[in-house]
1. As an exercise: evaluate T224 against (1) outside any strand (DSSP E or B); (2) open to solvent by less than 30 Å² (accessible area, probe 1.4 Å); (3) touching a residue at least 60 places away in the same chain (Cβ under 8 Å) and give the number of the one condition it does not meet.
2. So which residues in the range 227-246 are under 20 Å from N202 (Cβ atoms), in a loop (DSSP other than H, G, I, E, B) and more than 28 Å from the chain's Cα centre (by Cα)?
3. For the range 147-170, name all the residues that are of a type outside the set (A, V, I, L, M) and touching a residue at least 60 places away in the same chain (Cβ under 8 Å).
4. Kindly indicate which of A415, A453 is at pLDDT 80 or above and over 36 Å from the mean Cα position of the chain (by Cα).
5. Before we move on, is V462 assigned to a helix (DSSP H, G or I), open to solvent by less than 50 Å² (accessible area, probe 1.4 Å), touching a helix residue (DSSP H, G or I) at 6+ places or on another chain (Cβ under 7 Å) and of a type in the set (V, I, T)?
6. If you go through the range 16-44 one residue at a time, how many are modelled with pLDDT under 90 and open to solvent by 40 Å² or more (accessible area, probe 1.4 Å)?
7. Which ones in the range 153-163 are open to solvent by 10 Å² or more (accessible area, probe 1.4 Å), assigned to a strand (DSSP E or B) and farther than 28 Å from E420 by Cα?
8. Scanning the range 1-15 for residues that are in a helix (DSSP H, G or I) and in contact (Cβ under 8 Å) with a residue 40 or more places away in the chain, which turns out surrounded by the fewest Cβ atoms within 10 Å (Cβ to Cβ)?
Amino acid sequence: MPLPSGGSWPPRNLQPIQQQYAVLDAWYTGDSDRLAALYGDPRNSNVPANRPSQYRGGLVGTAARWFWGHPTPQGEKRTKLHVPVASDICTMSSDLLFSEPPTITCDNPDTQQRIDDMLPQLQATLLEGAEVGAALGGYYLRAVWDKQVADLPWLAAVHADAAVPEWRWGRLWAVTFWRVLELDDDTCFWHLERHEPGYIYNGLYKGKPGDLGGQLPLTAHPETAGMQPVIDTGLDRCTAVYVPNMRPNRGWRNYPAGANLGRSDFDGPVLGLMDALDEVWTSWMRDIRLAKARLIVPDSYLKSLGKGQGAYFDPDREIYEALNILGGDDRMEISAQQFAIRVAEHRDTQAELLAAILRATGYSAQSFGLSGEVAVTATEVSAKERRSLITKSKKDLYTVPPLADGIEMLLELEAALGFEGAVTPERPTITMADSVSPDIMQLAQTVELMRRAEAVSDETAVRMLHPDWDEDQVQAEVEAIGEARPDPVADPFALPGEMVGSDDAESGPPGDGPAREEK
């Protein structure tokens, strides 16, 4: 299918999904101005507008009366504050998955070397994709190449809100990526890049926000001047893969355009809980702001700055002139005003909201350092972070198959396009890293006990202590252990016939038997 000739973009059937992406992105970004613009007046991000829907009942009024959609009193500035718990959750999700590189293995030595060479850059790409994917529900990995940048192709991450996917039987068949190259007033330059089995299409458009306008030659913009309109990949598969965060997507499971998309970590009631958390945090800061000590003084204590210039009170002044006023001198007192700060109430409410958010997103409080306890051993860490590790295992299941597809596709593309240094394509075996490193002391004690019981060999012991070693390293270590092991020493208290290694252990001392029989 060729690229579109024009029209609205993104397509109209994806507008509800793009709107939801905008909401999730605003919370992930954590920008107070964006949140105010999202729930208020988009023309003025400084002060949310007082909309009629905010005073209505029903679902519309409920959504509009979120904390970030509350009308701001006239004459007051916006003082709402945001707690960046959404970005913290996305970062934690990415760290649990790819803070340590996955183990990717192949049978072919040359292919294995190619994968080892790409792994450092691939890990960084996966960290980025997994973080944004936790917010938007997934991300894409596409094959890109530029011989002026690198000799071989590589996988690049594309965020879900910049893609228009096409599905067949629940699997990605084709996808069109888009980006805005230039935006000037109402003029917008679009670049569309379509990946489908066998081909990659590039297109340049000049239109306006929300509309592609007309198609231009790729040479009309410097960003696309070096691109080819059509690239024959020589593959019978798409040169992009979709990595879902988790499934199913509860909100879009009955909507054809979004049924195959991944689920965001903010799905369900999480956004409402984060909105309430921002309200509590803002209230706490408001208490601090209102609790500043203030003095209430009579008008007579104010020193005029002149007609129409106002007046001020000098707190360092020591002597005031005597005044004749009604009510006596007791009406001339200075009173101090300072409100209490409700620390315990705000702290407890905030803690409960954070706990509810983490439960809804599937993470343990220990992962964010909120439990107040410190786990020492790997066993304690696993016990205290069990909820987070379960969520990580679920995400591993959705990550490994498309990641293996992407690496295999990249290797096939290198061979099909004749890149120098291409290797034999092979589908790799991927094992996700354990986010909790084993305790080396516990491993050493386990190996020692098994050795005493004579229940473990040198090779098994080495593999237990060094699970990341390859076969050559393991065998080299086993040989080194065997060479360093001393020869067995004979028992000095053993009888001559009981010497270690003697073939006559049951015959007794030489000459003893026959001599005794003759006597």
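1. If we test T224 against (1) outside any strand (DSSP E or B); (2) open to solvent by less than 30 Å² (accessible area, probe 1.4 Å); (3) touching a residue at least 60 places away in the same chain (Cβ under 8 Å), just (3) comes out false.
2. The answer is M227, Q228, P229, T233, G234, L235, R237.
3. D151, P153, W154, D161, P165, W167, G170
4. Details: A415 fails: over 36 Å from the mean Cα position of the chain (by Cα).
Checking each option against the conditions leaves just A453.
5. Details: assigned to a helix (DSSP H, G or I): yes; open to solvent by less than 50 Å² (accessible area, probe 1.4 Å): yes; touching a helix residue (DSSP H, G or I) at 6+ places or on another chain (Cβ under 7 Å): yes; of a type in the set (V, I, T): yes.
So V462 fits the description; yes.
6. Residues in the range 16-44 being modelled with pLDDT under 90 and open to solvent by 40 Å² or more (accessible area, probe 1.4 Å): 7 in total.
7. Across the range 153-163, the qualifying residue is only H159.
8. Among those that are in a helix (DSSP H, G or I) and in contact (Cβ under 8 Å) with a residue 40 or more places away in the chain, it is N13.
The values are calculated or read from the model by the stated rules, or taken from the named source; none is laboratory data. The structure displayed is predicted, hence computed values, not measured ones. Neighbour counts are summed over all protein chains in view; Cβ atoms, including those assigned to glycine, are modelled from backbone coordinates with ideal geometry. Please note that ligands, DNA and RNA were not included when accessible areas were found on the heavy atoms of the full protein model with its side chains. Shrake-Rupley method; radii C 1.70, N 1.55, O 1.52, S 1.80 Å.
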